[in-house]
Amino acid sequence: MGQSAEFGKFLKAMRSRLSPEDAGAGSVTGSRRVPGLRREEVARLAGVSTDYYVRLEQGRNIHPSRAVLDAVSRALRLNSGEQAHMMDLLENCAGGPRPSGQQAQGVRPALRQLLEAVGDVPALLLGRRSDVLAANRMARLLFTDFGALPAGERNLTRWLILDPAARELFRDWKSVAAEAAGALRVDVGRHPNDPQANQLVGELAVNSEHFRQWWAGHRVASRSAGIVRLHHPAVGDLELNFESLALPDDPDQELRVFSAKPVSPSSDALALLGSLAAGEAAHPAEHSGRLPAEPAPEA
């Protein structure tokens, strides 16, 4: 029932963001009580009856054909990520309740070796909910030492949104944090019965007005590459490319690597950052990219 409601809320949020002109529903005359498209306008654009679309938005009909879903997606101008999220919500609500128990997220030794091999550039191994499962030395120097945080706080999205240091580090903090919230929504759509994800969403909603607004807008994000602009307190401004590499043998994990353009001020700043901390105290987590193990498997 919960995911059925989420499916309807997503459709409503996507409908409310579109003007009739943008959606090709024709010009508007007179005042409108609510922003965005009306249900009957979406239904007309999708070629279905208004009653049928209303039932979709209310979660009362969760077995539409693929042709209907494609038509609704076109009517709402969904991008590929939004359409995939819509399908995730539909699949999860149609499949009924699912077990919430999951195995603890582990890290294969070969992945730890890979983190060590890319030691000159920051690299993070991210799991479900953007949990930071491992980080190399440069990632700890650039961002924060996730391994020093309590187990429940080793999460990239939580750090981005709640830690004041992250707000100072990212020069485009608002867009970066909003995108992280959108990626979390994608994860929740795929795993609706994850108590740790629900707890994280609740904590972020309680402590961040920005997050509450982003979450209410049902924004989804799934970028696997891009650019981040940073201002590090020790080395100044950096502009880094990032690539998020999917791991076929570990479908809920990704390797995120940050790099600078060769022979650039940013590459010089990264090299300086590494040299400034070259004499830091050694311990196993620093040299293997290993974070301390969580005390118990996920519930």
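In region 109-288, with Lys and Arg counted as +1 and Asp and Glu as -1 at Cβ, which of these residues, 115, 218, 199, has the Cα nearest the positive end of the dipole, that is, farthest along it? My answer, from the dipole projection, is 218.
Using only the Cα atoms of region 60-215, each taken as one equal point scatterer with no solvent, compute I(q) by the Debye sum, divide by I(0), and report log10 of the ratio at q = 0.13, 0.19, 0.20 Å⁻¹. Listed by q, the Debye log ratios stand at -0.74, -1.25, -1.31. Skipping prolines and chain starts, which residues have an amide H placed within reach, meaning under 5 Å, of the one on residue 18, given they are 5 or more residues away or on another chain? Distant-sequence amide H within range of residue 18: 37.
With only alpha-carbon pairs counted, each pair once and no self-pairs, how large is the Kirkwood hydrodynamic radius of region 123-274 in angstroms? Could the numbers behind the result be given before it?
Working: mean 1/r = 0.0627 Å⁻¹.
About 15.9 Å, per the Kirkwood formula over Cα pairs.
Any idea what log10 I(q)/I(0) is at q = 0.26 Å⁻¹ for region 128-187, Debye with uniform C-alpha scatterers and no solvent? Listed by q, the Debye log ratios stand at -1.21. Put simply, the amide H of residue 77, placed in the peptide plane, has no neighbours under 5 Å, leaving out anything fewer than 5 places away on its chain. Highest-first packing order for the peptide set 154-160, 68-74 is 154-160, 68-74, based on the mean count of other beta carbon atoms within 10 Å.
A short reminder: the numbers here are calculations on the coordinates, not readings from a lab. Since the structure is predicted, the reported quantities are computational estimates derived from the model, not experimental observations. All Cβ positions, even for glycine, are placed from backbone atoms using ideal geometry, and neighbour counts span all protein chains on display.
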